[in-house]
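**Q** Dumping the structure here so I can ask a few things about it.
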Amino acid sequence: MIKEYKAYHKARGITFPVSEIDFRRKRIKGRHEDEIISARFDEVELYQYTGVLDDSGRKIFEGDVVSSRTDESTVIVGEIKYEGSEYVVYSCN
């Protein structure tokens, strides 16, 4: 599976898909609306795609907050985090 990322630009408060990661220059590139964005690693937070889609068909990334019903009356809300070698939902309830 090809790894896919999105980035959150801390100063601008925007999230966008990452199209290029340059480890030598420590920069990422991506597009937000009609603007091409180039940023240093320290200006962004990177989130990896989990390989899972939500019920609406949207990609779930590390850092996303999701909800899941475990039975008729219990709903778990939590943040997706990568731990060890797997993605885990940390409860926000």
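The values are calculated or read from the model by the stated rules, or taken from the named source; none is laboratory data. Note that this is a predicted model, so its numbers are computed, not measured. All Cβ positions, glycine included, derive from the backbone under ideal geometry; neighbour counts span all protein chains shown. To get the accessible areas, we keep the full protein, side chains included, count just its heavy atoms, and leave off ligands, DNA and RNA. Shrake-Rupley method; radii C 1.70, N 1.55, O 1.52, S 1.80 Å.
**Q** For Glu4, enumerate residues with amide H under 5 Å from its amide H, sequence gap 5+ or separate chain, H modeled in the peptide plane.
**A** Tyr49
**Q** So how do Val89, Val77, Val44 rank on accessible area, 1.4 Å probe, biggest first, that is with the largest at the start?
**A** Ranking Val89, Val77, Val44 by accessible area, largest first, yields Val89, Val77, Val44.
**Q** A further question follows. Calculate the FRET efficiency for Glu20 and Ile60 from the Cβ-Cβ distance with a Förster distance of 25 Å, rounded to the nearest 0.05. Intermediate values should be presented prior to the final figure.
**A** Numbers: r = 22 Å, r/R0 = 0.89.
Once the sixth-power term is evaluated, E becomes 0.65.
**Q** I'd like to know which of Val89, Gly78, Ser38 lies farthest towards the positive end of the charge dipole of the chain, counting +1 on Cβ of Lys and Arg and -1 on Cβ of Asp and Glu.
**A** Ser38
**Q** Still on this structure: Relative contact order (percent) for the chain, with alpha-carbon contacts under 8 angstrom and 6 or more residues of separation?
**A** 18
**Q** Protein chains only, probe 1.4 Å: how do Tyr47, Tyr82 rank by accessible area, largest first?
**A** Greatest to least solvent exposure: Tyr82, Tyr47.
**Q** Could you run the Debye sum over the Cα atoms of the chain, one equal point scatterer each and no solvent, and tell me log10 of I(q)/I(0) at q = 0.12, 0.13, 0.15, 0.22 Å⁻¹, two decimals?
**A** Cα-only, vacuum Debye calculation for the chain: -0.45, -0.52, -0.67, -1.16.
**Q** GNM on the chain, C-alpha springs below 10 Å: top fluctuator among Lys29, Lys59, Lys81?
**A** Evaluated over the chain, the most mobile residue of the options is Lys59.
**Q** I've got another one for you. From the protein chains alone at 1.4 Å, what is the descending order of accessible area for Asp55, Asp71, largest first?
**A** Solvent-accessible surface, decreasing: Asp55, Asp71.
**Q** Amide H to amide H, which residues 5 or more places from Asp64 or on other chains are under 5 Å from it, using H placed in the peptide plane?
**A** Distant-sequence amide H within range of Asp64: Ile80.
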